[in-house]
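Report on the following structure.
The values are calculated or read from the model by the stated rules, or taken from the named source; none is laboratory data. Quick caveat: nothing in here was measured; it's all calculated off a predicted structure. Neighbour counts run over all protein chains shown; Cβ positions are idealised from the backbone, glycine included.
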Amino acid sequence: MYDLFSQHRAKLAAILLVIMPLLMIATGEPAGVGKDPASKPAQVLHSGLAWSEAGAYRSLAWLGGIWGRMTDGDLAAENKQLREEVAKLREEKSRLIGVLQENARLREEVGFRKKHPEFELSAARVIGRDITPYFRVLRLKLEANAELKPRQAVVVAGGVVGQIHEVYGNYADVIIVSDPRSRIDAVSQRNRAPGIVMGLGHESDYLAEVSYLNQKDLVRPGDVMVTGGKGGVFPRELVIGTVSAVKSARRGLFQEVRLEPAVDFSRLEEVFIITGQK
């Protein structure tokens with residue numbers, strides 16, 4: 001008998017849960033507010049049903065709590081693992097981008113060395129910037145032993161950076177093209193019109209100007225200005241920048257010419273110092 005009950009326990013419970021409400025309906029009386037209480041059999045039946053419903057509710061709540069804790073724990077562990085993997089992938093991506101950018105810069109440096117075998121070049125790293133409305137200075141740290149001197153040319157593969165202003169052992173301050181103290185002999189690559197590139201010292205940009213361009217020299221926006229080689233600082237034919245605007249002066253002999261430097265000074269990391277020529 002016990003084995004039979006054990007085997008069909010779930011079915012008996014389901015039958016009871018179906019029969020008991022039917023018995024309540026059958027034995028119950030339509031009681032309204034203020035009427036006599038239900039009969040004894042109905043009260044017993046109601047009490048049993050309420051007890052069984054309360055037990056079933058507590059059991060379901062208990063099982064639901066256990067299930068929720070199990071699933072929440074699994075989800076929390078999985079979310080933590082996924083967050084760690086995403087953070088690791090982001091770190092690897094950032095490192096890979098840095099390696100690719102460094103490789104691109106190194107390829108440019110190697111290409112510049114091959115293109116100008118006549119220069120004795122020393123590599124240096126940009127370690128600081130002093131940018132004010134009047135002074136545009138980069139601070140460099142020399143990567144290898146070399147003799148640094150004031151007025152040595154500083155360049156990159158893209159063009160002219162500036163010239164050394166002061167030397168502190170293996171460190172040096174460089175005034176760049178847009179510094180008002182900078183003076184670079186230049187010529188137009190298109191028609192060889194001569195001029196002097198001078199920094200404007202603007203706080204919001206790196207613009208320079210080309211001074212002493214005669215009115216008859218037809219310089220136009222888009223013309224590339226290169227070093228003329230006079231003065232003994234910069235070798236010939238290094239790119240300085242591109243003419244961005246030309247305005248003919250109403251008075252005087254010279255034009256007003258704005259120059260956009262070829263080098264993006266805000267992104268410089270490595271440069272070359274021309275320490276001599278072979």
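Could you list all residues from region 227-237 that are within 14 Å of residue 182 (Cβ to Cβ) and surrounded by 14 or more Cβ atoms within 10 Å (Cβ to Cβ)?
The answer is 227, 233, 234.
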State all residues of region 256-278 that are touching a Phe, Trp or Tyr at 6+ places or on another chain (Cβ under 9 Å) and either assigned to a strand (DSSP E or B) or under 20 Å from residue 172 (Cβ atoms) (or both); if no residue qualifies, say none.
260, 261, 263, 265, 266, 272, 274, 275, 276, 277
Report, by residue number, each residue of region 133-162 that is within 33 Å of the chain's Cα centre (by Cα) and farther than 23 Å from residue 111 by Cα.
133, 134, 135, 136, 137, 138, 139
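Return yes when residue 157 is out of contact with any strand residue (DSSP E or B) (no Cβ under 6 Å at 6 or more places or on another chain), in the same structural domain as residue 232 (by TED's automatic domain parsing) and closer than 19 Å to residue 241 by Cβ and no when it is not.
yes
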Only unsatisfied item for residue 240, checking (1) more than 14 Å from residue 187 (Cβ to Cβ); (2) in contact with a Ser or Thr (Cβ under 9 Å, 6 or more places away or on another chain), is (1)
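Okay, residues lined up against (1) basic (Lys, Arg); (2) free of Cβ contacts under 8 Å to residues at least 12 places away in the same chain; (3) closer than 25 Å to residue 185 by Cα:
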{"site": "88", "(1), (2), (3)": "yes, yes, no"}
{"site": "94", "(1), (2), (3)": "no, yes, no"}
{"site": "119", "(1), (2), (3)": "no, no, yes"}
{"site": "142", "(1), (2), (3)": "no, no, no"}
{"site": "154", "(1), (2), (3)": "no, no, yes"}
Leading residue by the ranking (surrounded by the most Cβ atoms within 10 Å (Cβ to Cβ)) among those in region 240-256 that are modelled with pLDDT under 95 and not small (Gly, Ala, Ser):
255
Any residue at all in region 112-133 that's under 17 Å from residue 234 (Cβ atoms) and assigned to a loop (DSSP other than H, G, I, E, B)?
yes
Residue 187 passes all but one of the listed conditions (1) surrounded by 18 or more Cβ atoms within 10 Å (Cβ to Cβ); (2) touching a residue at least 60 places away in the same chain (Cβ under 8 Å); the exception is number (2)
Within region 65-112, the residues that are over 30 Å from residue 157 (Cβ atoms) and modelled with pLDDT under 70 are 65, 66, 67, 68, 69, 70, 71, 72, 73, 74
Hey, does region 192-203 have a residue that's in contact with a helix residue (DSSP H, G or I) (Cβ under 8 Å, 6 or more places away or on another chain) and buried (at least 18 other Cβ atoms within 10 Å of the Cβ)?
no
Might you let me know whether region 163-174 holds any residue that is over 21 Å from residue 268 (Cα atoms), surrounded by fewer than 22 Cβ atoms within 10 Å (Cβ to Cβ), over 35 Å from the mean Cα position of the chain (by Cα) and not charged (D, E, K, R)?
no
State all residues of region 170-193 that are part of a loop (DSSP other than H, G, I, E, B) and closer than 19 Å to residue 246 by Cβ; if no residue qualifies, say none.
177, 178, 189, 190, 191, 192, 193
